[in-house]
Amino acid sequence: MTHETQAPVTKQEEPATKVDETTAEGMPAPEAPGVIQTVGMDIYYGDFKAVHDVSLNFAFNEISALIGPSGCGKSTVLRSLNRMNDLIPTARTDGEVFYHGENIYGEGVDAVEVRRRIGMVFQKPNPFPKTIYQNILWGAKINGFKGSKSDADALVQDALEQAALWEEVKDKVNESGLSLSGGQQQRLCIARAIATKPDVVLMDEPCSALDPIATLRIEELMLQLKENYSIIIVTHNMQQAARVSDKTAFFNVELNTKGQRTGELVEFSPTEKLFTSPDRKETEDYITGRFG
Amino acid sequence: MTETSTRTPRRSLGGQRRVSEKLILVSLFVCGAISIATTIGIIYELGKESLLFFQDPQVSFWEYITGTIWQPQAGSFGIWPLILGTMLITVIALTVAIPIGLASAIYLSEYASPRVRGFFKPALEVLVGIPTVVFGFFAVTFMTPILRDIFGADVVGFFNVLSAGIVVGILIIPLVSSLSEDALSAVPDSLRQAAYGLGASKLEVSLRVVVPAALSGIAAGIVIAMSRAVGETMVVTLASGAAPRNFVLGQDPWSYILSPFEFGQAMTGYIVITASGDLSYNTIDYNSIFAIGLTLFLMTLGLNSLSRRIVDRYRQEYE
Ligand SMILES: Nc1ncnc2c1ncn2[C@@H]1O[C@H](COP(=O)(O)OP(=O)(O)O)[C@@H](O)[C@H]1O
Ligand SMILES: [Mg+2]
């Protein structure tokens, strides 16, 4: 678990605070700062304001789900949490995003360093056209891993075990990652992400390209992973959010004065509460399918 | 009359469309057949004249494929000096073209803004449109004097393979660059995203994900550029000299045999010079150019099928 990096972002080895079970169950206790906290975040693509004023507090070792209609800015919000949006030339994020208390959009923060700490899993499985072994080790090597062969073996095995893939691939780690099934590829991508030892993993509709059985395996995996990681997942599937997440954020789109469709956070509540007794009418309309 | 015709509308089952489709098919077939027939004709002609060459009592096939002296006047017909010229020039050309071509491909595909790309790509393509004879003069009047200034006029001959090789290299840069760029752009963006997501810098993404993923496409492009260099004629004719670099193994030092500063006629150069001289049909000199042409044809055929093999492997990778 060592990162020999003199990075501006400070990494804490242990989550500073663990949210107490009872508060996680819904009592809106005074919120302890979570692993990632956004404050008044506005995100633009050029002149178009895609997301307006998002303030969210993602707790340690929980699964937080982002749901809402298509185009409401879920992916946009997710990508701004590890500065993947920087790769889109027109994208701009205003406001603050705190990771372990440090603003990742602050001066002198290197986006590359941020992404090393906050892993990401994408909608479509995207393993490198390399062996399973090399896929896992790639990120670690980029992050300065210089261990021996046996260290590398151990790292690969550990990541694959954590991603519940080891049993299936232990005899063929030198085969191409592309030879795996879609669900296995997605677990390989999860293994690859956690091999760089992040403490947050962002997932953007990780199951949308998978069949129901592979989807369930990923969901089980997420529940295991939350022991050690904080997970933020975008999903268009409300059942999925209900099944796996501890808290759910519901986004909606508002037509603004310029006629643009801007996404807004409607409600961020413990999942059970959001699906049974949401605070807002909009949320209720959406989850009961009376959305229009 | 009109009543009957409206009551019994007869639709032809034969149909005009099928006839015209057949016509198109036939004409496409004819076009394909013509190009195949041309290729066969070329091979036949090369083979026939080569056969005349090898049947000449002065020529032995064994000497042709092993000899290191090419001196038709003296009855020596060893192909190696000409192959040597071609190979030296090709190696020098690739040494110039691969790094520059690949670097510009990486720049264009991974770094350049659309505006810069919009300027650079046509600029590179202009290079393709320049007649090669212009490059030949460029080699003789510009590159050679510079090389002689740098290394000394006593070291660098007026005709030398280095000048020819560098200029052939410049000539094939656009080929290396555009074929490599195609291969790089074909790498799915999702792989770049994956790499960035793992905390890779732009350079790491380019060199450690995109280039490796495109490697077989790049290799295929390099082989094609290589066969273009092997077949290049005007530059080598003008810049590398009109005499083959004859040598005797074990007697001439390798520093002479492989020297980039000495003259060294290439296969194509020999064919041009010989064919444009006044020689009559069916002399041994005349027939020799067909044997060399056939050898050249087999070499480029080999290179092209190699590149096809590489591309086939490349296709599998993304399935
Ligand atoms: N790269 C981009 N450039 C410009 N606009 C974008 C880009 N990506 C997303 N958008 C716009 O931002 C809004 C939110 O998109 P997105 O975050 O993908 O929504 P979601 O993931 O909730 O479906 C949409 O209106 C979309 O058109
Ligand atoms: Mg999305």
Between B:Ala242 and B:Val134, what is the label-point separation in nm under the 7 Å Cα-to-beta-carbon projection? 2.6 nm
Rank B:Gly241, B:Gly231, B:Gly41 by mean-square fluctuation in a GNM of chain B with C-alpha springs under 10 angstrom and give only the top-ranked residue. B:Gly41
Residues with beta-carbon under 13 Å from that of A:Asp158, excluding A:Asp158: net charge, scoring Lys, Arg +1 and Asp, Glu -1? 0
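Just to verify a number: FRET efficiency for B:Asp278 and B:Phe120, C-beta to C-beta distance, R0 = 51 Å, to 0.05? Walk me through the intermediate numbers first.
Working: r = 46 Å, r/R0 = 0.91.
Calculated transfer efficiency: 0.65.
Find the relative contact order for segment A:15-287 and round it to a whole percent, using C-alpha pairs within less than 8 Å whose residues are 6+ positions apart.
26 percent
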Which of the aspartates and glutamates could a cross-linker bridge to A:Lys172, judged by Cα under 20 Å and excluding same-chain residues fewer than eight apart? A:Asp151, A:Asp153, A:Asp158, A:Glu161, B:Glu317, B:Glu319
Less than 20 Å apart at the alpha-carbon level, and either on another chain or at least 8 residues along: which lysines does that give for A:Lys49? A:Lys74, A:Lys258
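Is there a simple number for the mean count of other chain Cβ atoms within 10 Å of the Cβ of residues in B:199-206, and what is it?
Values: counts 19, 8, 5, 2, 0, 4, 2, 0.
Per residue, the average neighbour count from other chains is 5.
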Karplus (6.51, -1.76, 1.60) ³J(HN,Hα), θ = phi - 60°, over segment A:108-113, in Hz, Gly and Pro reported as x: x, 7, 8, 4, 4, 5
Computed helical MRE - 222 nm, the protein assembly as shown, DSSP H runs ≥ 4 contributing -39500 (n - 2.57), nearest 500: -16000 deg cm²/dmol
R0 of 25 Å, Cβ-Cβ distance B:Asp252-B:Gln71: FRET efficiency to nearest 0.05: 0.95
Across peptide A:129-142, what mean number of C-beta atoms from other chains lies inside 10 Å of a residue's C-beta? 3
In nm, give the distance between the simple-model label positions of A:Ala32 and A:Lys258, each being 7 Å from the Cα along the Cα-to-Cβ direction. 4.1 nm
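What is the sum of charges, Lys and Arg at +1 and Asp and Glu at -1, for the other residues whose Cβ falls under 14 Å from the Cβ of B:Gly169? Please list the in-between numbers first.
Working: positive: B:Arg228; negative: B:Glu232.
Value of the local net charge: 0.
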I'd like the distance separating the alpha-carbon centroids of segment B:31-80 and segment B:144-194, in whole Å. 31 Å
Degrees separating the helix B:80-106 axis from the principal Cα axis of chain B, which is the longest one: 50 degrees
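Percent antiparallel among DSSP beta bridges with both residues in the protein assembly as shown, to the nearest 5? Intermediate values should be presented prior to the final figure.
On the way: 29 of 49 bridges.
Rounded to the nearest five, the antiparallel share is 60 percent.
What is the sum of charges around B:Ala74, taking Lys and Arg as +1, Asp and Glu as -1, for the other residues whose C-beta is under 13 Å from the C-beta of B:Ala74?
So the surrounding residues net to -2.
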Distance (nanometres) between label positions extended 7 Å along Cα→Cβ at A:Leu216 and B:Leu203: 4.9 nm
Rounded to 10°, Cα long-axis angle of helix B:284-317 versus longest principal axis of chain B: 50 degrees
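Applying a 10 Å radius around every beta-carbon, put B:249-261, B:280-292, B:77-89, B:156-168 in order of their mean neighbour count, most first. Walk me through the intermediate numbers first.
Numbers: B:249-261: 12.8, B:280-292: 16.6, B:77-89: 23.8, B:156-168: 26.2.
Most protected by this proxy first, the peptides run B:156-168, B:77-89, B:280-292, B:249-261.
Within 10 Å of each Cβ of A:110-123, how many other protein chain Cβ atoms are there on average? Write out the running numbers ahead of the final one.
On the way: counts 2, 3, 7, 1, 1, 7, 4, 1, 2, 3, 6, 2, 4, 2.
Averaged over the peptide's residues, the number is 3.
Please get the size of the charge dipole for segment B:119-230, origin at its Cα centre, with Cβ charges of +1 on Lys and Arg and -1 on Asp and Glu, quoted in debye to the nearest 20.
Working: 6 positive and 7 negative charges, 23 e Å.
Magnitude of the dipole: close to 120 debye.
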For chain A, size of Cβ-based charge dipole, Lys and Arg +1, Asp and Glu -1, in debye: 900 debye
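Values quoted throughout were computed directly from the atomic coordinates according to the rules given, and no laboratory measurement underlies them. Since this is a predicted model, take the numbers as computed values, not measurements. Backbone-built Cβ (ideal geometry, glycine too); neighbour counts: all protein chains shown.
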